[in-house]
Each structure stands twice: as structure tokens, then as C-alpha cells.
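Contents: one structure, followed by commentary.
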Amino acid sequence: MNNPFIELGIRHDIVNAISELGFENPTPIQEQSIPVLLTGSNDFVGLAQTGTGKTAAFGLPLLELLDFEENHPQALVLCPTRELCLQIANDINNYAKKMNNVHVVAVYGGASISDQLRQIRRGVQIVVATPGRMLDIINRKAIDFSQVKYVVLDEADEMLNMGFQEDIDNILSTTPDEKKTWLFSATMPAEVRRIAKKYMDNPFELTMGTKNTGNANIEHEYYVVRARDKYAAFKRIVDNNPEIFGIVFCRTKIETQEIAEALIKDGYNADSLHGDLSQQQRDKVMKRYRERSLQLLIATDVAARGIDVNDVTHVINYSLPDEIENYTHRSGRTARAGKTGVSIAIVNSKELGKIRQIERVIGKKFIKAEIPSGFDVCEKQLFALVHKVHNVEVNESQIEQYIPRIMDEFAELSKEEIIKRFASLEFNRFLEYYQNAPDLNAPADDFRSREGAAQGDRFNRDGMRSEYTRLFINLGSVDEFNRGDLLGYICNNAKITGRNVGKIDVKGVYSFFEVVNADVDNVMNNFKGIDFKGRPVRIEISGEGVSSSNRGGGGGRREGGYQKREGGYRGDRREGGERRETSFAGAGANSGGGFRDFSGKRREDRPERRKRF
Ligand code: AMP
């Protein structure tokens, strides 16, 4: 049977090259656009997400249509960032690996212009460029676009977001009127529609999936935390995903830098990528990330645009993007080429409206997730360790000489005892580290009141109107209760359903919990005479009286000193000190070393420095 790319009209030498890249079947956008573009006679608008195979969708037809015996520019691909520019040029070169005399030049800022000019002088047919540097070269009269037949505007929405409209106008004015323009965009805001109208004549339009929707393989989750807990919550999420290979988006360069620095200090394997780094520094960071010697890439939208790294497991929106449309671009860094991925947003209660807006744009619901408890993280890390031990490759020849001594040492122990001891080696440290770890989820009343604020009312998780009272109970973590245990204990004894219990705050020798007003009497009455381990259980309406959800007026809780423009981390540093949540990375798989709490001070009482396992 013929290769499906041959059937689409792609010739053998190209098909052979892409087969070596693992392209067996065309992606949906390739399947639908290649036959249209191969005619060479249409303007084209392709609305598709990043990661769907867009580069080959236009790159393969370009290789079919251009005359490579001629050494002058025939195609110009404009894209928003240096990274994407290099990637497209590299991809096209790969597709053309078995062809002769194909010359592609990548033209982008931040690198030597003389090298790029030299390559252009030597003769090129395909120019892949970012708008700023391209215009610079045009203004130097160093390139002739009079014979350009095809212009590709890739990630057009992002180029417009970045303010390249005028540059694009100027560049395109140097190309012939009869050229064909192919525009690709993940989203179709009005500005993109306008440029499509301006530059194109009755374009063939292709929409993959629903307009503006995200990749179906991405699961979207959000966590609601108080602004001051954001950094600690973020670390907890990372710790709860021992195999994470993620991109973390911040809003500003400063925030990006600060979060990366804090993570590095906390022993995580992280680095930053933003526009204030030199090209060389950015290339170095990207190289490390691609090679997976970096686990977390902390990036701004612009710097991370177009990054094509396989197997990114998580995209974390440390800060939501200013432009809602950018969420699609961010989340598109994961679940590429048919894989699955998770896109996480860490928000405070004031940002819930933005989550709803994003849901409308991507046409998909977010799942509300809970910041895991310290215990959950311990369990996750323990089993990650067990899994690693199970799968570790043993260097037989090296370890052989030590085996007799090891066997001797363990001679007295059963297999079960040995396993328990190996696991405990790490598990004890995790437990010690995470004991008394605070609950980082924003109290339910914070966001319950936010979600209801628009209607001037408060709602419970099910969207029902409800009001809660905060109760005190004289049981806590010293009695070995975590939130789940306490919920069960309360419900069993008070004979109420868990759905009527709100936030539970487990402290040392006591705890607080919320219960819907209608059940307060049930709780008080049914707990009368109940003992716990010989001690009478005492329940009182908390000193704070009714919970803030009863007070009216939008929750009334103070949101920490989060400084929007400068990045939340500053606020975290000031506000978060007393929480003492240090990095678990130092104790676990993400670790490189030191222990720091997020107030930025060395902990006096920190556990001994811990190493990777
Ligand atoms: P792109 O949207 O062009 O950035 O492509 C996203 C990823 O999918 C890249 O890693 C491509 O190498 C890969 N890819 C593109 N087309 C195919 C295909 N037909 N089969 C397998 N992988 C592909």
C-alpha cells in the first residue's frame, strides 16, 4: 500500500525523509491542507492549535512548489519568536534532507546579523524570519523579495499580540501582489480576521476542531489558593508529581526570574527563559530543557512561544495570562503530537471569573482540584520511589563484588523486612518533612462568596445557596486526624452528610470545621457525651463566630500582599514566612540539594541536607 503522504501528493524523497522522523500518517491538518496548498493557487487560512503538525502542513507543500534550481527567495515564513523561527527552519531542513540544493535561512534578532546576511548572499529559497530582524535586513536592502511566490504567516495571532502589525505590513509591501498568502493561527480574534481580509483574496479556510478550542488531549485543572500561599502551593503540586516535566508560565520577566531563582534555591531542577536573557543564554536553557536535564522551565509567554518539546507533562499557569487567548498557546505546549497532558492554573478567588472566561474560549470545563495534603505527597513520592527501585537498571558487573557483603548484612532479615526498611529510608524523611504541612487550599468561603458575588449570594460546591458556621473541635493532628479522617469522624458522629461540611482546618490539638447552618444543632446535639480515647469531645461555635460566608459582603478575607506587576512571589515572601513550608524537593526526586523556606531565609531547624533518590 502506498504511504499516505504519497497519496496526498508528496514525492518520494520527502516522504522518505519524514518517515525517518516518524511521520507515518498525516495529522488531520496535514491531511486537509496539503492537497489545497499543493495547487499553489489559493490564499489560505488555517485555524489550528499549536502542536497539530502545522509546520509540515505548509512546509511540505513549499518543498513541492518551489524551484530549487533557482537560488533566490521564493518563500517567506514569518513567525513571532526566535525559538519558533529556528524550529521551523530546522524542521523544513529535515523534511528536505534527501533533496538537493534546498537553502533555508533563519532570520531572527539577538544573533549575528552578518552571519544571516552571508547566508542570504549565498542564495536561499526559503526565508524563515521574525518580523523585526526581517525588516532590518529589508531596510539594508540586503534581500530581494520581488520573486516571492508564497508568504506564510505562522502563529499570526501571536505576531499581532506582540505588536508586529506594522512590521508585517512593511515586509509584505516588498513582496509581489500576486504571491499567495497562507495564514496559520491558533485563535481567530478580530485583528487576525482583519489581516486575513487585508492580505488575502477569497482564502480557502480550514478550521480544525471548534474555533479557538484547545487540544482535546489536554486536561485543564485549577487550584484556588490564597495569594500568599501561591508559591508554596505551586511547590506542593510539583512535589505531588514526581515525574513532572513542565513549563511554568509567569506574567512578567521579573516574576519569571524570581520564581526560577526561588525554585533553584529550594533545590528544584528549574531555570528561567525570558526576553532579558541573551540569545546564547536562552539557547543554553532550551538545550538543557530539551535534553531533560531541566525539569521545570519557568517562562514568559513570549519566550516560550512556539517551543516544541516533546512529552511536556504539565503546563502550569503560575499567573494567568493577561490576554485570555494566550491560555491556548500556553496549554498547547503539552499534549503535542497526539500525547496527553495537563494544564494547571493556580488562582486566587478573585481570578475565578477569568477561569470561566477561559472555559468559554477553549470550549472545555476546568476541573477544580485540591492542593494535595502533605500526606498525599508523601504517598505519591513513596510509590514513585518504589516504582523507580522496581525499574532501576542494575549494573551487574559493578555491583557483583559487593553482593556477598550486602547479603551478609541482610541475612537476618526477611524479604518483607528488607523492603520495609528500604521504603522507610525515604518515607520517614518525607513524613517528617511534611508533618504539620498546612492546608493550602483557599478556605471554601473565599471562593464560594466570589462565585456567588455576581448574584449577591453565596453558593456551595453544588451551586446551591448555603450558609456555613465555623465550629471548633478539641481534636487535631496530635490525635492523628487529617482532614479526611476528621470529616468522616464528624459525619459519623453528627449523622450528617459530608456535603454539608465546608472547610476543615486541622491544627495540632484542635481543629475548625464549617457546617451548613441547618446542621449546626445536629452536630452540637449528636456530639454530646461522645468521648475520644477517654477524653470528652468538645464542640463550640468558633470564636470568630459565624464563618465569613455568613457575614455578607464578598468574603471579607484579606488577600495577602500580592504585588501584581512585580509578581506574586514578592508578596509570598513577605506574607508566607510563618507557614514554614520548605521545599520538599530537597527530600525527593526533584531535588538538587538545599533546604529553604519560601521566606527566603535559611531554616535554623532544617532537616539535614537531603539527596536525590
Ligand atoms: P508542529 O505543530 O508543526 O509544531 O508539530 C508538532 C509536533 O508533531 C512536532 O514534534 C512534529 O515533529 C510532530 N509531527 C508533525 N506531523 C507529524 C506526523 N504526521 N506524524 C507524527 N508526528 C508529527
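All of the numbers you see were taken from the coordinates with simple rules; none came from a lab. Treat the numbers as computed from the prediction; the structure is a model and nothing was measured. Cβ atoms come from the backbone with ideal geometry, glycine included; neighbour counts cover every protein chain shown.
Karplus-based coupling profile of segment 44-59, in residue order and whole Hz: 8, 10, x, 9, 8, 5, 5, x, 9, x, 5, 4, 6, 4, 9, x, with θ = phi - 60° in 6.51 cos²θ - 1.76 cosθ + 1.60 and x standing for Gly or Pro.
The H on the amide N of residue 129, modeled in the peptide plane, is under 5 Å from the matching H of 77, 78, 79, 107, each at least 5 residues off or on a different chain.
Taking Cα centroids, how far is segment 1-45 from segment 64-100 in Å? Cα centres, segment 1-45 to segment 64-100: 16 Å. Loop-located GluC sites (Glu not before Pro) in segment 363-394 (DSSP state not H, G, I, E or B) with no more than 13 neighbouring Cβ atoms inside 10 Å: 370, 393. Of the GluC sites (Glu not before Pro) found in segment 135-206, those that fall in a DSSP loop while having at most 11 other beta-carbon atoms within 10 Å are 178.
Label-to-label distance for residue 419 and residue 525 is 5.0 nm, based on points extended 7 Å past Cα in the beta-carbon direction. Taking Cβ atoms as reference points and 15 Å as the exclusive limit, the residues near residue 284 contribute a net charge of +1, counting Lys and Arg as +1 and Asp and Glu as -1. Placing unit charges on the Cβ atoms only, positive for Lys and Arg and negative for Asp and Glu, gives segment 226-339 a dipole magnitude near 160 debye about its Cα centre. Applying the criteria of a DSSP loop state and at most 16 other Cβ atoms within 10 Å to the chymotrypsin sites (Phe, Trp or Tyr not before Pro) of segment 28-118 yields 68. If the cut-off is 26 Å between C-alpha atoms, which lysines fall inside it for residue 368, apart from same-chain ones fewer than 8 positions away? Within the straight-line limit of under 26 Å, residue 368 reaches these lysines: 211, 230, 235, 339, 350, 354, 380, 503, 507, 564.
Could you work out how far the C-alpha centroid of segment 472-496 sits from that of segment 388-403, in angstrom? Going from one Cα centre to the other spans 46 Å. Looking only at segment 25-54, which residues have a backbone nitrogen under 19 Å from a spot 7 Å from the Cα of residue 177 in the C-beta direction? Under 19 Å, as judged by backbone N against the label point of residue 177, lie 41-44 of segment 25-54. Listed values for segment 469-482 are Karplus-derived 3J(HN,Hα) couplings in whole Hz (6.51 cos²θ - 1.76 cosθ + 1.60, θ = phi - 60°), namely 10, 8, 10, 9, 9, 8, 10, x, 5, 5, 8, 6, 9, 10, and x replaces Gly and Pro. For residue 45, the amide hydrogen comes within under 5 Å of the amide hydrogens of 183, 204, 205, 206, counting only partners 5 or more places away or on other chains and with H modelled in the peptide plane. In straight-distance terms, cross-link reach from residue 388 covers every one of the aspartates and glutamates whose alpha-carbon lies under 13 Å from its own, apart from those fewer than eight places away in the same chain; here that gives 243, 426.
Normalised by the number of residues in segment 157-316, the mean separation of alpha-carbon contacts (under 8 Å, six or more apart) gives a relative contact order of 22 percent.
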